[in-house]
Each structure stands twice: as C-alpha cells, then as structure tokens.
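The values are calculated or read from the model by the stated rules, or taken from the named source; none is laboratory data. In this text, all values refer to a predicted model and were calculated from it rather than measured experimentally. Here the Cβ is made from the backbone with ideal geometry for all residues, glycine too, and neighbour counts use every protein chain on show. Accessible surface is based on the protein model in full, side chains and every heavy atom, while ligands, DNA and RNA are left aside. Shrake-Rupley method; radii C 1.70, N 1.55, O 1.52, S 1.80 Å.
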Amino acid sequence: MSESLQQLAGLRDQAVAAINRASDASSLEAARVRYLGRKSQITAILRGIAALPPPQRGPVGKVANQTRRELEQLLGERERDLAAAELEAEIAAGAVDVTLPGTPPAPVGHLHLLTRTRREIEDVFIGLGYRVLEGPEIEHDFYNFTALNHPPNHPARMLQDTFYIDPASLAAAVTLYDSEGAPLPDSSAAGDRDVLLRTHTSPMQVRGMEAQRPPLFMIVPGAVYRRDSDATHTPMFHQIEGLAVAPGISLADLKGTLLAFARAIFGADRELRIRPHYFPFTEPSVEVDVSCFACSGGGGLAGGDRCSLCKGTGWLEILGAGMVDPNVFGFVAAAGYDPAEVQGFAFGMGIERIAMLKHGVPDLRLFYDNDVRFLEQF
Ligand code: PHE
C-alpha cells in the first residue's frame, strides 16, 4: 500500500475519533478545520496527487475523496445530534414544573359553604337509597303550580311570586305548555305568565314521577327564585326537594326519614317535632322542627341566658313536608301513580337555612357577597 493510502487511513481514524469526541459546536468545528480545512493533511494529499507516480494517482485520489465525503457526512450527523442535545438541555433547564407549589405557596381554595352543605345533605339521602336528580330553573307555570295542585288563580300562588320569562325569547325547539298542561303550537300561543323561574324544587316531583314509575326515591338540589330581598330572603336561593313513593308509605316513614337526616346533619341526640301546616300539594302538610343543638332543646344556656339560636323555644324550624296529595298523583296517572296503590311523602328544605343554623351564619346575604373573610371561616 502506498504511503499516501496508509496516511489517509490513519487520518480517517483520527478524524472519526475527534468528531465523535466533540461535545459541542466549537470542538466539532475545530475537528472540521483540522481534518478537512484548507490547511489539513487530507487537502494537502489531494493537492499533491499530480506529483505522485501515475499508477498511484487514481487509487489515492479515489480514497482521499471517499474519506473526505465520509468525514463530511459524519460531521453533518454529529452537528445535528449536538444541536438536538443542546436544545433538549435548554428545555430541561428552563422547564417549569407546574405541579410544584408557588413561592410563596398560593393559598388553595375550598368549596363554598353552600356547596359543602348541599353535598352533606345529598350524602345522607344517597345513604338512604335516594337518587339525585336535577331539573330546569326556567319552568312552566304548569309544573311549578298547576300540577302541584295550585289551579290557575289559586291564592297560594301569591305566596310565591316570581320572575317571568318572555316565551318568545326561548329556543323554538322548546315545547311550551299552557297553565293547564296542554302543549302549545309555538311560543306566540303562550301567555306572558306561562314560563317562569321556578319558585321551588317541587316541580321536579312531577317531572320525576313522569320519568320513572313507582317505587321512586329521589332528591333534587337546585336554585329557586322568588321576589323577596332582605336579611333572610334573597331573590335566588337553594332548596333540596325529597320525594318517596311506594305502596304503603306513611307519615311515620316521613318522620323516621327526616329524623335520620336531622341526626346526621345536626347531631346524634336530635329529636324532631312536626306541626300542622298547609301546602297545596301535600295532605296533610307539616312543618318540621329539630331540637336546638345550641341549648340541647332546653331553650336556656348554662349561665341562665335565653338561647339565641332557637330564641328560647328549644326548637329550630328546618323544612316543610307532607304526604303527596292524591290530586298530584292525578297529573302523573299515565306513569303508573294510582293513589289507591301508592302513597308518598315529600319534603323541601332551604340549603341556606340548614347552613345558617348549623354554622351560626346571621345574614343570608353573606353567602353571596363573596367576601373571603366570611368564606375562609368555613
Ligand atoms: N316547596 C315548598 C316550599 O318551597 C316546600 C315543600 C316541599 C313542602 C315538599 C312540602 C313538600 O315552600
């Protein structure tokens, strides 16, 4: 083998080693200058070919060119690898770990007291085998009143005045009903009082029964609306409705169910009291009180003062309830509700009221002011 060929083989090996060793762009450039630059030995060999004996010129020229091309390719590959590695290192160094706490750590929020109270109440009834349903806040007069045994012009409607929706503002796909429950051809046929913001969650009693044959055990949390505004009334507030329908359900079942609820929420020693009341859609109707947990039902405090929570009565009113009026079943007869076969109880409670009693919140409006000094206390 000629001296030049031997030299080329040695240069190639050195160059390959130098290229592989280069750990950054500048050492790679130094290797390129050293082995392929104008002053490099390979360039000198290529230039000196003409001076070689003629039989050596071909083989030396061929190997020198091959070596140069091979090294150029290797340089290109190494350059790309190094650039990719550098980019990766840059990204890794600058990366933000979004799972780390901030400095200083940002305070983590928590559920609003009303959400927490709603969930606590739901948990109690889920434990008793109830399903949780939700329903529309924009409701038909028919479901809000008529099907709950408030016929049109019934005076009990006045107790729950509300806000009315212009039927023309609703999507054309919404089927509207008149106050007797008859479907209307389009919104122009609806009266200006046929669509409203529901005043209670009770319309879901009817919708729930329409959707499921008995037996039915359901609760319905949700927002309701009334034209009221003072320390104990806001135009929007929240209720949880309950409805249980099955053969042989009695007022005793209502009392036992609500006792279990009251003890889960207000403490194991609570007692219940039911008083006669009136709702158009239950018969008989009752209001339910729980024994005061601040004074253990005695009405007085240890120092002899009157208990301020129950105002000395020993009882706290928590909800309205009753046995489902057979007239209400009449509106859902097609779904299998025959008052000769099934009976039911219903109840409705204000979530705000439960939270206020349990946590001593003095003003309903505090729930909606979004003042963190209030919200952070719970
Ligand atoms: N809907 C009634 C109200 O808002 C409460 C209620 C519900 C009473 C179910 C009886 C049965 O005042």
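Could you sort Phe145, Phe378 by accessible area so the largest value comes first, with the probe set to 1.4 Å?
Ranked list, largest accessible area first: Phe378, Phe145.
Rolling a 1.4 Å probe across all protein chains gives Tyr130 an accessible area of roughly 20 Å².
For the range 317-324, the Karplus equation 6.51 cos²θ - 1.76 cosθ + 1.60, evaluated at θ = phi - 60°, returns couplings of 6, 10, 6, x, 7, x, 8, 4 Hz by residue, with Gly and Pro reported as x. Only protein heavy atoms count here; under a 1.4 Å probe, Ile138 has an accessible surface of about 80 Å². Note on exposure: Met158, Met236, Met209 ranked by accessible area (1.4 Å probe, complete protein assembly) read Met158, Met236, Met209, with the most exposed listed first. Scanning the chain for GluC sites (Glu not before Pro) lying in DSSP loops with no more than 15 further Cβ atoms inside 10 Å, the longest uninterrupted stretch between such sites is 1-133.
Using a Gaussian network model of the chain in which every pair of alpha carbons under 10 angstrom is joined by a spring, one finds that among Ala260, Ala50, Ala211 the greatest mean-square fluctuation is at Ala50. In a simple Cβ point-charge model (Lys, Arg +1; Asp, Glu -1; nothing else charged), the range 3-93 has a dipole of about 720 debye relative to its Cα centre. Across the range 30-129, Cα pairs under 8 Å and at least six residues apart give a relative contact order of 14 percent.
Structural descriptor for the chain: relative contact order 14 percent, calculated from alpha carbon pairs under 8 angstrom and at least 6 residues apart. Springs between Cα atoms under 10 Å define the GNM used for the chain, and in it the highest mean-square fluctuation of Val332, Val16, Val220 occurs at Val16.
Shown for the chain: the carbon plus sulfur share of the solvent-accessible area, taken with all protein chains present and a 1.4 angstrom probe, equals 54%. Per residue, the accessible area of the range 167-239 comes to 47 Å² when a 1.4 Å probe rolls over the protein heavy atoms. Please find, in a Gaussian network model of the chain (springs between Cα atoms separated by less than 10 Å), the residue of Ala106, Ala321, Ala172 whose mean-square fluctuation is greatest. Checking each option, the largest mean-square fluctuation is seen for Ala106. When the surface is traced with a 1.4 Å probe over the full set of protein chains, His233 keeps roughly 80 Å² accessible. Farthest towards the positive end of the charge dipole of the chain, among the residues Phe145, Gln377, Ala44, is the Cα of Ala44, using unit charges on the Cβ of Lys, Arg, Asp and Glu. For Ile165, the amide hydrogen comes within under 5 Å of the amide hydrogens of Val195, Leu196, Leu197, counting only partners 5 or more places away or on other chains and with H modelled in the peptide plane. Placing Val63, Val286 in order of accessible area, with the largest value first and a 1.4 Å probe, yields Val63, Val286. Using the 1.4 Å probe convention, the accessible area of the range 3-93 works out to 66 Å² per residue with neighbouring protein chains retained. Less than 20 Å from a label point 7 Å out along the Cα-to-Cβ axis of Arg273: which backbone N atoms in the range 310-329 qualify, by residue? Output list for this probe position: 310-322.
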